[in-house]
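The block underneath contains the structure these notes are about, expressed in structure tokens.
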Ligand SMILES: [Zn+2]
Ligand SMILES: [Zn+2]
Ligand SMILES: [Zn+2]
Ligand SMILES: [Zn+2]
Ligand SMILES: [Zn+2]
Ligand SMILES: [Zn+2]
Ligand SMILES: [Zn+2]
Ligand SMILES: [Zn+2]
């Protein structure tokens, strides 16, 4: 109300000045305003309205607004009888800006001096998020809401205690160093802050080999010379060889061969490697001369007429056969029943299925007296033929 009254006074003063002044322009202005107001049909076209400097918006309605309060003092002071055709034409001005704590005020003013005000709603708070030191806070009025947030703790290190990464607040003490053992390069050192203690350690020596001298596995420092080779004995196939670097010297020993037999291939008596395959059996007299295996193709002999055989006063009671190659051996034994002196015995060998004999012979039992026994060995050459397996031996 106070402001409205002040404005009215201001307008009145201006009008007074205008009317009192000698400047024709100002006179014109007054006239124009007066004319417009009196006509009530057209809005004022003049931009030299004294009120326009304070205006934000220009309401150019020709009829009073319906929101005009009936109790406005301006209206009550305006005699309706003097200007019965005047219609208010209000210009609004924000006279008090609203804040987040106080409502604002908009003032509507008519050139006649009539005015009224309207409240403008409070603005919203300008909230800033809560931090670990302050709750949610309006940056304009300082109003708060809720509580402060929790600290964002970072674990203590050997250089800083537990610390809030947001506000920097600390709690407790620094942590222990994270020590790394001393090496020959660096003393015991904290891997976090780099602090050291004590002195460097001894080298970590690795023994010399035939390829490298004694060497520190940490710094690579060497001392002395390379070591001797670590020789492994020569074998049948490899010369003396260093099992570390693979160097060799001399020659391989070569295999120690053992000849093949009919049961086993040629082999090395040292490494037992074998070569080739077993040789054939060497059959003689019914079996293998090396392994004694029975000859599956051995010939068989049959005494014609069977035993005993009576020949010229002698009785043959046993005939043993053997052979070597193609020669058949007969060992006959018996006793003499009558007479004295030499006794001739005949032998023929007949292969089964062969029309003639393959061998024949005559041997003497020498100086045998009646009642005594005898043994006679006979060799019959060429008696055995590979194509025949069964033989009849005729003794007469
Ligand atoms: Zn008015
Ligand atoms: Zn606020
Ligand atoms: Zn904090
Ligand atoms: Zn440290
Ligand atoms: Zn070292
Ligand atoms: Zn070596
Ligand atoms: Zn060998
Ligand atoms: Zn054999």
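The values are calculated or read from the model by the stated rules, or taken from the named source; none is laboratory data. What you are looking at is a predicted structure, and each value in this text was computed from that prediction instead of being measured. Note that each Cβ is placed from the backbone with ideal geometry, even for glycine, and that neighbours are counted across all protein chains shown.
Before moving on, here are some points about what is shown:
- Residues considered: 123, 215. Of these, the only one that is away from ligand 7 (no atom under 16 Å from the Cβ) and assigned to a loop (DSSP other than H, G, I, E, B) is 123.
- Only one entry of 161, 239 meets the criterion of being more than 30 Å from residue 129 (Cβ to Cβ), surrounded by 14 or more Cβ atoms within 10 Å (Cβ to Cβ), free of Cβ contacts under 8 Å to residues at least 24 places away in the same chain and more than 34 Å from the chain's Cα centre (by Cα), and that entry is 239.
- Positions within region 242-279 being at positive phi and at pLDDT 95 or above, in sequence order: 250, 254, 272, 276
- Residue tally, condition surrounded by 13 or more Cβ atoms within 10 Å (Cβ to Cβ) and either within 15 Å of ligand 4 (Cβ to nearest atom) or over 30 Å from residue 220 (Cα atoms) (or both), over region 183-192: 6
- Selected residue [closer than 30 Å to residue 173 by Cα and either modelled with pLDDT of 90 or more or out of contact with any strand residue (DSSP E or B) (no Cβ under 8 Å at 6 or more places or on another chain) (or both)] from 97, 150: 150
- For the residues 141, 132, 112, the requirement of being in contact (Cβ under 8 Å) with a residue 12 or more places away in the chain, assigned by TED's automatic domain parsing to the domain that holds residue 87 and either more than 30 Å from residue 170 (Cβ to Cβ) or assigned to a loop (DSSP other than H, G, I, E, B) (or both) singles out 112.
- Here region 272-313 is the region considered, the condition is being more than 24 Å from residue 362 (Cβ to Cβ) and not in a loop (DSSP other than H, G, I, E, B), and the residue that is nearest to ligand 3 (Cβ to nearest atom) is 274.
A quick yes/no check of all residues on (1) under 30 Å from residue 230 (Cβ atoms); (2) surrounded by 14 or more Cβ atoms within 10 Å (Cβ to Cβ):
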site	(1), (2)
250	yes, no
255	yes, yes
261	no, yes
269	yes, no
272	yes, no
276	no, no
281	no, yes
285	no, yes
288	no, yes
